[in-house]
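First comes the structure, then the notes that go with it.
The values are calculated or read from the model by the stated rules, or taken from the named source; none is laboratory data. Since this is a predicted model, take the numbers as computed values, not measurements. Cβ placement follows ideal geometry from the backbone for every residue including glycine, while neighbour counts extend to all protein chains displayed. These accessible areas exclude ligands, DNA and RNA; they are computed on the full protein's heavy atoms, side chains included. Shrake-Rupley method; radii C 1.70, N 1.55, O 1.52, S 1.80 Å.
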Amino acid sequence: MRNTFLELNSLTDGHYDFCYMGINCCSADYLLGVEKGADKVRELSFRYANADGTALPLKVYSPERGYILKDVTACDYGNVSASSLEELGRELEKVNLQTGCIPVFVGGDHSVTYELVKKVSDDYDSIVVVQFDAHSDYIDEYSEYPHGSVMKETSKLEKVERIIHFGIRGNLNCQPAIDQSRSEGNMVVPYYEIKDKLTEVLNSLAGKKVYITFDTDFMNPAIAPATNCPEPGGPFYEETLDYLKSIIEASGEIVGLDFVEYNPTCEGASVTGITIVNLIMECMHFIKSNTTS
Ligand SMILES: [Mn+2]
């Protein structure tokens, strides 16, 4: 197994645009495997890394985007491991990233997002959380299903202005949860309404500090089956990228991203993991291109 994402260097002094950070935490026994997500993504990223062991810039080439991550600086922090959400919170308190370095958290079930947003929002007056997810994760039963109520808990954080539930679909949703989220000032964008509501979403992000939380089950399970609650239907890769790009470009500033609910023990061919490796690289590219253009 490779030690770092894309053979990046470990965090040292100096400026980095991004920091890959593994979150090895699983909040419930029935989700076991998600705590292995960050290391699997590192292992799979090897195919895009330079054969000579050097880090960025990457020598792989994309006909669509040229040399991806050409001007990006990034490091790999390693993992933050915890056996409970309380412990994760305590461990995250010890993490010290330079101002301006955008954390890219990878791994864990969705409940970790509460602690991640709490950590990141410390540095800002107010942030908007855009949740890419098939499910609203706004139910009440925090103790029983922490990953199904994480957005509700996150919305209670002092610095969180609102949640945008983006792309929810499928039969595992809960109407009272969706209604309650709307009534509390959040925006609910079901998958089938994205095309109608996208402009409204993008306009609402102008000038905002934005945190993106990306649940693997946002994507069509045909390209991302390795997740605990897959929902039939949903966007394929190009469509997913288009939405990420649009939201990154419309936001005032991206302050953090997480990629959660990837369970590498649910697949053999690693299609999901490879998809996630690419999403991370593309997001870094979009963010960097947007801040330098
Ligand atoms: Mn979720």
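Miscellaneous remarks
- Projected area, mean over directions - segment 5-292, Cα convex hull, nm²: 13.8 nm²
- If the convex hull is drawn through the Cα atoms of segment 48-187, its volume per residue in Å³: 160 Å³
- Contact order normalised by residue count of segment 110-151, Cα under 8 Å, 6+ apart, percent: 49 percent
- Taking each residue as 0.36 nm, the span from residue 61 to residue 269 lengthens on full extension beyond its C-alpha to C-alpha distance by 72.6 nm.
- Coupling constants for segment 66-81 follow from the phi torsions by the Karplus curve (6.51 cos²θ - 1.76 cosθ + 1.60, θ = phi - 60°), and in residue order they are x, 7, 6, 6, 4, 10, 8, 10, 8, 9, 10, 6, x, 9, 9, 10 Hz; glycine and proline get x.
- Each part reduced to its alpha carbon centroid, segment 1-45 and segment 189-230 end up 22 Å apart.
- FRET E, pair residue 195, residue 140, Förster distance 35 Å, beta-carbon r, rounded to 0.05: 0.65
- Per principal axis, descending, Cα span of segment 174-220 in whole Å: 31, 29, 22
- Compared with the alpha-carbon gap, the fully stretched path from residue 83 to residue 98 is longer by 2.8 nm at 0.36 nm per residue.
- Membrane-span-like helices in the chain, defined here as complete DSSP H runs extending at least 24 Å along the helix axis by their C-alpha atoms with mean Kyte-Doolittle hydropathy no lower than -1.0, are 271-292; this is a sequence and geometry rule, not a statement about a membrane.
- Taking amide H positions as modeled 1.01 Å from N, with prolines and chain starts lacking one, the residues under 5 Å from residue 81 and 5 or more places away or on another chain are 24.
- Only DSSP H runs of four or more residues enter the estimate; each adds -39500 (n - 2.57), and after division by the residues of the chain the mean residue ellipticity at 222 nm equals -9500 deg cm²/dmol.
- Label-point gap, in nm, between residue 71 and residue 172 - each point 7 angstrom along Cα→Cβ: 4.0 nm
- Kirkwood Rh, Cα atoms: Rg over Rh of segment 194-293: 0.99
- In the context of the full set of protein chains, residues of segment 94-156 present 37 Å² of accessible surface per residue (probe radius 1.4 Å, heavy atoms only).
- Cross-linked pairs 36/208; 59/119; 59/245: Cα-Cα separations exceed 26 Å for 36/208; 59/119.
- Cross-link partners of residue 40 among aspartates and glutamates, defined as those whose alpha carbon lies under 20 angstrom from its own and excluding same-chain residues fewer than eight positions apart: 7, 29, 76, 109, 215, 217, 258, 261, 267, 282.
- Modelled label reach - residue 123, point 7 Å along Cα→Cβ, segment 58-80 residues with backbone N closer than 15 Å: 73-77
- For residue 28, residues with placed amide H under 5 Å, excluding near neighbours: none
- Enclosing the Cα atoms of segment 93-163 in their convex hull gives a volume equal to 103 cubic angstrom per residue.
- Length-normalised contact order for the chain - Cα pairs under 8 Å, 6+ apart - percent: 21 percent
- Residues whose placed amide H lies under 5 Å from that of residue 127, excluding near-sequence neighbours: 160, 161
- Heavy-atom accessible surface of the chain: percent carbon and sulfur, 1.4 Å: 48 percent
- Inter-label distance for residue 50 and residue 90, nm, one decimal - labels placed 7 Å from Cα along Cα-to-Cβ: 4.1 nm
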